[in-house]
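Peer 1: Encoded as structure tokens, here's the structure I'll be asking about.
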Amino acid sequence: MKELIIMAGLPGAGKSYIRNKYYNKFNVVDCDEIKKKLPNYDPEQPRALHQESKIVEEYEIDHNLKEGNSFVYDTTATNIDKIVKLIQHAQELQYRVTIVYVKVSLATAMMRNSKRDRVVPVDVILDKYSKLNESINMFNIYANQLITIDNEWVINNYDLFEKGDE
């Protein structure tokens with residue numbers, strides 16, 4: 001069966017980590033990864049390429065759907081209308097749609113975001129935080145499955161496990 005996995009969560013929640021751990025065999029559509037491939041990419045100013053990367057992102061989503069590829073769409077998923085339309089369109093094309101909500105506190109997202117090369121502005125994180133619960137509740141109505149992963153502890157202690165288990 002064709003699958004669409006929509007990774008949802010705040011910037012810094014660990015969506016890419018979870019995606020790479022559990023869905024590494026899937027095609028990936030990730031606006032942040034698209035930005036890195038664009039000319040003039042600056043990790044300190046990722047918003048400068050936002051519009052251009054969104055165009056490429058839409059193309060990649062459409063391409064995967066038309067080709068019947070199973071894929072992961074890595075997004076904050078705070079644009080309810082856009083994600084609901086994507087879920088419905090994918091289901092019309094016989095996709096099984098799973099929302100993977102990578103959940104962390106606002107404080108954890110802010111802390112992790114501040115340590116990344118590609119820093120998302122605080123106002124953007126706060127805006128997404130204000131919308132996320134409503135989004136997840138809505139997607140639970142439309143998607144075939146909702147998986148919530150509490151990622152507070154996993155990433156915060158990841159380095160301890162990697163070093164301690166060797």
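Just so it is clear, none of the values below were taken in a lab; they were calculated from the coordinates. In this text, all values refer to a predicted model and were calculated from it rather than measured experimentally. Every residue, glycine among them, receives a Cβ derived from its backbone with ideal geometry; neighbour counts consider all protein chains shown.
Peer 1: Please list, in order along the range 96-110, the HN-Hα scalar couplings obtained from phi with the Karplus expression 6.51 cos²θ - 1.76 cosθ + 1.60 (θ = phi - 60°), rounded to whole Hz, x for Gly and Pro.
Peer 2: 8, 10, 10, 9, 10, 8, 8, 9, 9, 6, 4, 4, 5, 4, 5
Peer 1: By counting other Cβ atoms within 10 Å of each Cβ, how are 150, 81 ranked from fewest to most? Present the calculation step by step, with values, prior to reporting the outcome.
Peer 2: Numbers: 150 11, 81 8.
Going from sparsest to densest Cβ surroundings: 81, 150.
Peer 1: Let me ask something additional. Kindly put 44, 60 in sequence by how many other C-beta atoms sit within 10 Å of each C-beta, fewest to most.
Peer 2: Values: 44 8, 60 18.
So the residues, fewest neighbours to most, are 44, 60.
Peer 1: Ratio to report: Rg/Rh of the range 2-164, with Cα atoms as the point set and Rh obtained by the Kirkwood method; give two decimals. Kindly include the intermediate steps, with their values, before the conclusion.
Peer 2: Values: Rg = 15.5 Å, Rh = 16.3 Å.
For the range 2-164, the value is 0.95.
Peer 1: Arrange 18, 61 by Cβ neighbour counts within 10 Å, fewest through most, would you? Don't skip to the end; give the middle numbers.
Peer 2: On the way: 18 22, 61 18.
Ascending Cβ contact count within 10 Å gives the list 61, 18.
Peer 1: At a Cα cut-off below 22 Å, give the lysines reachable from residue 54, other chains included and same-chain residues fewer than 8 away excluded.
Peer 2: Residue 54 reaches 15, 35, 36, 37, 66, 82, 85, 128, 131.
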